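Take a look at the structure set out below.
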Amino acid sequence: MDTEQEEMQFLGILDIFKESYKIIFTWRKIFTQITLSLILPLTFIFLAHIQISDLIFADIMHDERQLDRTVINSPRYNKLNDLISSDWTYLMLFKFAYFTFFLIFSLLSTAAVVYTIACIYTGRDVSFKKVMSVVPKVWKRLMVTFLCIFSAVFAYHVVAIILFIMLAVLISDDATGVVSFFIFLGLYFVGIVYLSIIWQLASVVSVLEEACGVKAMVKSRALIKGKMWLTGIIFFTLNLCYFIIQFIFEIYVVHGRSLMINRVVYGIICFWLLFVFFLSGLVIQTVIYFVCKSYHHENIDKSALSDHLEVYLLGEYVPLKAKDVQLEQFEV
């Protein structure tokens with residue numbers, strides 16, 4: 001990373017994107033290896049899940065339409081009913097398997113990218129073999145953080161659903177009621193973006209600092225203070241890109257009515273765009289971590305961080321102490 005930490009606090013949105021892509025292209029060999037081993041499978045799992053889920057769900061909908069036209073308790077009715085139950089079971093099992101493998105590759109990819117950028121930051125030699133030997137040792141800490149943020153997101157949605165129901169019951173259907181609904185909907189999406197930011201930075205904190213789980217979330221929340229607009233715009237842009245790619249894939253590949261060759265071309269384009277954004281997103285969230293640390297004048301001592309990274313290779317994980325990560329407050 002060419003930019004000194006003291007200067008990173010002044011990076012804007014475009015500067016962060018430029019810094020991230022400069023890191024990727026400067027160290028393209030190691031990032032290509034990480035992409036081929038971890039991010040490409042992650043991308044394939046994500047897109048295959050959309051296609052296979054649609055096929056299974058289409059079969060369920062077809063059988064349910066046939067069931068509606070069949071005499072109740074007839075042999076055909078019972079057979080269709082059993083078939084629908086089996087399909088729903090297959091769909092739930094498939095969803096569980098997808099979620100498990102997607103989570104594993106997502107956490108492994110995060111660990112690999114954050115560790116690699118930390119090595120680059122400290123000037124350490126980094127190789128694909130070293131990265132892959134370290135990743136399993138960081139994975140457990142990332143899992144703890146994921147479970148905590150997942151619980152927070154789940155609770156957030158439960159509360160949001162209750163409030164939506166109350167709002168639907170209490171408000172009228174006039175202009176005031178419609179405006180109130182859209183205001184609440186906007187606040188809901190703001191909350192989702194906020195939790196997404198906390199999640200992404202907490203993952204970086206879990207790798208580079210002693211905090212994980214709730215402590216990593218609290219640390220992440222403290223880091224984004226003063227940089228909320230910057231981080232919010234960046235993560236909203238990234239999530240919007242993911243949504244657009246997924247939407248195009250569903251429209252032109254999953255539900256496409258064009259020739260097979262056209263659907264294959266669209267599928268390849270979506271696949272390429274998605275793994276590029278997966279890699280870019282992981283690098284960007286790590287750069288944002290350093291920007292936020294710089295903004296709060298929390299200088300990361302490179303020698304202490306380098307020693308911390310060496311521990312990953314020598315044996316069991318020993319977290320970097322806060323006094324090493326925030327060794328001193330530099331003057332601006």
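Name every residue in segment 182-211 that is open to solvent by less than 40 Å² (accessible area, probe 1.4 Å) and assigned to a loop (DSSP other than H, G, I, E, B), in order of residue number. Lay out the reasoning, then the answer.
Taking segment 182-211 first, the residues open to solvent by less than 40 Å² (accessible area, probe 1.4 Å) are 186, 191, 193, 195-198, 201-209, 211.
Residues satisfying the conditions are 209, 211.
Does residue 64 satisfy being open to solvent by less than 80 Å² (accessible area, probe 1.4 Å), among the acidic types (Asp, Glu) and either under 24 Å from residue 292 (Cα atoms) or touching a helix residue (DSSP H, G or I) at 6+ places or on another chain (Cβ under 8 Å) (or both)? Break it down stepwise before answering.
Values: open to solvent by less than 80 Å² (accessible area, probe 1.4 Å): yes; among the acidic types (Asp, Glu): yes; either under 24 Å from residue 292 (Cα atoms) or touching a helix residue (DSSP H, G or I) at 6+ places or on another chain (Cβ under 8 Å) (or both): yes.
For residue 64, the condition - open to solvent by less than 80 Å² (accessible area, probe 1.4 Å), among the acidic types (Asp, Glu) and either under 24 Å from residue 292 (Cα atoms) or touching a helix residue (DSSP H, G or I) at 6+ places or on another chain (Cβ under 8 Å) (or both) - is met.
For residue 137, work out the one condition from (1) out of contact with any Lys or Arg (no Cβ under 7 Å at 6 or more places or on another chain); (2) farther than 22 Å from residue 33 by Cα it doesn't fulfil.
Residue 137 satisfies every listed condition except (2).
Looking at this structure, is residue 218 assigned to a helix (DSSP H, G or I), more than 25 Å from residue 277 (Cα to Cα) and either open to solvent by 80 Å² or more (accessible area, probe 1.4 Å) or without any contact (Cβ under 8 Å) to a residue 60 or more places away in the chain (or both)?
Values: assigned to a helix (DSSP H, G or I): yes; more than 25 Å from residue 277 (Cα to Cα): yes; either open to solvent by 80 Å² or more (accessible area, probe 1.4 Å) or without any contact (Cβ under 8 Å) to a residue 60 or more places away in the chain (or both): yes.
When the stated conditions are applied, residue 218 passes them.
Go over the candidates 91, 38, 67 one by one and state the one that is touching a residue at least 40 places away in the same chain (Cβ under 8 Å) and either at negative phi or in a helix (DSSP H, G or I) (or both). Quick ask: steps written out before the conclusion?
Details: 91 fails: touching a residue at least 40 places away in the same chain (Cβ under 8 Å); 67 fails: touching a residue at least 40 places away in the same chain (Cβ under 8 Å).
Criteria check complete, one pass: 38.
Quick one: residue 70 ticks every box in (1) loosely packed, with under 14 Cβ neighbours inside 10 Å; (2) at pLDDT below 90 except a single one, so which number is it?
Unmet for residue 70, out of (1) loosely packed, with under 14 Cβ neighbours inside 10 Å; (2) at pLDDT below 90: (1).
Does segment 2-25 contain any residue that is in contact with a strand residue (DSSP E or B) (Cβ under 7 Å, 6 or more places away or on another chain) and in a helix (DSSP H, G or I)?
Restricting attention to segment 2-25, the residues satisfying the condition of being in contact with a strand residue (DSSP E or B) (Cβ under 7 Å, 6 or more places away or on another chain) are 5.
Next, only the ones that are in a helix (DSSP H, G or I) stay: 5.
Scanning segment 2-25, I find at least one residue that is in contact with a strand residue (DSSP E or B) (Cβ under 7 Å, 6 or more places away or on another chain) and in a helix (DSSP H, G or I), so the answer is yes.
Across segment 38-80, what is the total count of residues that are within 30 Å of residue 111 (Cα to Cα) and among the β-branched types (Val, Ile, Thr)?
Adding up the residues that qualify gives 5.
Only helices (runs of 4 or more DSSP H) wholly contained in segment 236-332 count here; list those with 2 or more residues that are open to solvent by 70 Å² or more (accessible area, probe 1.4 Å) and modelled with pLDDT of 90 or more.
Working: elements: 260-295, 302-314, 322-325.
The qualifying helices (runs of 4 or more DSSP H) are 260-295.
Cβ-Cβ under 7 Å, sequence separation 6+ or interchain: first residue in segment 72-87 and more than 16 Å from residue 56 (Cβ to Cβ), partner open to solvent by less than 100 Å² (accessible area, probe 1.4 Å) and at pLDDT below 85. Which pairs?
Correct list of pairs: 76/70; 77/67; 77/70; 81/67.
Do we find a residue being over 32 Å from the mean Cα position of the chain (by Cα) and either open to solvent by 70 Å² or more (accessible area, probe 1.4 Å) or hydroxyl-bearing (Ser, Thr, Tyr) (or both) anywhere in segment 84-107? Before you say what the answer is, go through the steps one by one.
Looking only at segment 84-107, we keep the residues that are over 32 Å from the mean Cα position of the chain (by Cα), and these are 84-85.
Remaining after also requiring either open to solvent by 70 Å² or more (accessible area, probe 1.4 Å) or hydroxyl-bearing (Ser, Thr, Tyr) (or both): 85.
Yes - at least one qualifying residue is present in segment 84-107.
Search segment 223-248 for residues that are within 16 Å of residue 282 (Cα to Cα) and in contact (Cβ under 8 Å) with a residue 24 or more places away in the chain and pair each with any residue that is open to solvent by 60 Å² or more (accessible area, probe 1.4 Å) and not hydrophobic (A, V, I, L, M, F, W, C) when their beta-carbon atoms are under 9 Å apart and the residues are at least 6 apart or on different chains.
These pairs meet every condition: 232/194.
The values are calculated or read from the model by the stated rules, or taken from the named source; none is laboratory data. Please read all numbers here as calculations on a predicted model, not as lab measurements. Neighbour counts run over all protein chains shown; Cβ positions are idealised from the backbone, glycine included. Ligands, DNA and RNA are excluded from the accessible area calculation, which covers all protein heavy atoms including side chains. Shrake-Rupley method; radii C 1.70, N 1.55, O 1.52, S 1.80 Å.
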